[in-house]
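Input: a single structure, listed below in structure tokens.
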Amino acid sequence: MARVLIIGAGGVGSVVAHKCASVPEVFTDIMIASRNKEKCDRIAAQIKHRTIETAQLDADIVEDTIALIESFKPDMVINVALPYQDLPIMDACLATKTHYLDTANYEPIDEAKFEYSWQWAYHDRFKEAGITAVLGCGFDPGVTSIFTAYAAKHYFDEMHYLDIIDCNAGDHGKAFATNFNPEINIREITQNGRYWENGQWVETKPLEIHKPIHYPNIGERESYLLFHEELESLTKNFPSLKRARFWMTFGEKYINALNLLQEIGMTSIKPIMYEGKEIVPLQFLKAVLPEPSSLGENYKGETSIGCQIRGIKDGKERTYYIWNNCEHQKAYEDVGAQAVSYTTGVPAMLGAMMILTGKWKGEGVFNVEEFDPDPFLELLGKYGLPWHEEVDKDLAVEK
Ligand code: NDP
């Protein structure tokens, strides 16, 4: 039925390839392309029941991506490379009139700043070309945004307070490692925090606000307020929100290691000279840290990510909590990945399926909460991420 080109062969790319391969009635032809073709070949070799084509591609070079799209002729590109590649891949999709999907919004390589403005600016051009760009279709952003849209559709007349709570209670046994691309992850955490309140952004120092929050099946974990990209689109698409915050757990050991790395300059993105060559300390650090795709085998424990919402229904106060817990070991048994890659790759595959089967339609650039959440959530459990909900119970984030 449809041909799909996956760009990026890291932890998430591997999950997307495995999951697309498990749905041959939708994804009839699959290619995975990345900067390093051996990583693509390794993933293709793991998927024994299907033939997955592979290619070498530097997606920063628009002409090369256009040439690959013209030769493979995909109906859709799933971009799970890095946020730096979003705009060049969107340019290639526009030039070839190919649908586009990603899981993280664009940020320039020389400035740790992510926002949607760059990608939203493509809306009219995608509309004119008659193609769809789906932005932020991982877990957070992605499922958290779809959970919020589902709450708005079925449970609230007006949503007032949204807290996205993200816990990884897993243990990979390494001294220090990040669960997705270390460079992108550390850039995100070391920035100032930010949340939405009464029509404006309130800025905090990095990891300044924190408190214990209770997570289902896990218990209390110290959770830190961060800025996360879905807050930008959700406050735009659900203007009744008076406050929107994002919380993520970190262990004490992780925070101490990160603080030390920061203090000694290892997380800096300013180039320095080393033996006559310019290097970026954070990129060097990434090179010595474990790859996210290598963490799965010994990872124990689970993640728990969801949305806690307070608002009004039929003139009365209402609370709502919707969440998924995902076990690292189960993700590993399914596709050989840890839960953070898994919870990102499954929704990316499912978002592509929504477009390719016509369940989500639209010409232009869209955040996932702008589509109908129902067909997506009907299938999310079937593909490995069952979800749960509670109505009118006390919200853990408010305790
Ligand atoms: P990895 O670092 O494991 O993988 C990234 C892949 O992209 C690597 O294979 C890398 O190649 C490839 N790549 C980098 N630059 C280029 C380029 N110029 N051209 C082609 N390929 C390139 O990261 P993850 O798999 O953990 O993360 C992938 C994406 O998913 C990131 O954008 C991340 O922010 C996002 N993400 C989203 C989440 C969500 O919930 N929404 C959660 C987790 C991740 P090479 O091997 O050569 O470096």
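Brief remarks follow.
- Rounded to 5, percent antiparallel among DSSP beta bridges of the chain: 60 percent
- Taking the average, over residues, of other Cβ atoms within 10 Å as the packing measure, peptides 274-283, 191-200 rank 191-200, 274-283 from highest down.
- Fewest-first ordering of ASP166, ASP60 by other beta carbons within 10 Å of each residue's beta carbon gives ASP60, ASP166.
- Ellipsoid semi-axes in whole angstrom, largest first, where each is sqrt(5λ) of the Cα gyration tensor of the chain: 30, 26, 21
- Charge tally for PRO375 (other residues, Cβ to Cβ under 13 Å; Lys, Arg +1; Asp, Glu -1): +1.
- For the pair segment 126-164 / segment 45-66, the C-alpha centres are spaced 29 Å from each other.
- The Cβ shell under 13 Å around GLU317 holds other residues with a net charge of -1, Lys and Arg each +1, Asp and Glu each -1.
- The label-point distance for ARG243 and GLN56, in a model that sets each label 7 Å from Cα toward Cβ, rounds to 5.4 nm.
- Each Lys or Arg adds one and each Asp or Glu takes one away; over the other residues whose Cβ falls under 15 Å from the Cβ of ALA331, this sums to -3.
- Residue order, fewest to most beta carbons within 10 Å, for ILE165, ILE32: ILE165, ILE32
- Residues ILE69, ILE61, sorted so that the one with the fewest Cβ neighbours within 10 Å comes first: ILE61, ILE69
- With helices as the sole contributors, the chain gives -10000 deg cm²/dmol at 222 nm; each DSSP H run of n ≥ 4 counts as -39500 (n - 2.57), and the sum is divided by every residue.
- Semi-axis lengths, largest first, of the ellipsoid equivalent to segment 316-399 are 24, 22, 10 Å, with √(5λ) applied to each eigenvalue of the Cα gyration tensor.
- Cross-link pairs LYS113/LYS270; LYS242/LYS359; LYS313/LYS393; LYS127/LYS361; LYS211/LYS399 - those with Cα-Cα distance over 19 Å: LYS242/LYS359
- Dipole-positive endmost among ILE47, CYS137, ASN185 within the chain (Cβ charges, Cα centre): ILE47
None of the figures in this text is laboratory data; all of them are computed from the coordinates on show. Here the structure is a predicted model, which is why all the values come from computation and not from measurement. With ideal geometry, Cβ positions are generated from the backbone for all residues, glycine too; neighbour counts draw on all protein chains shown.
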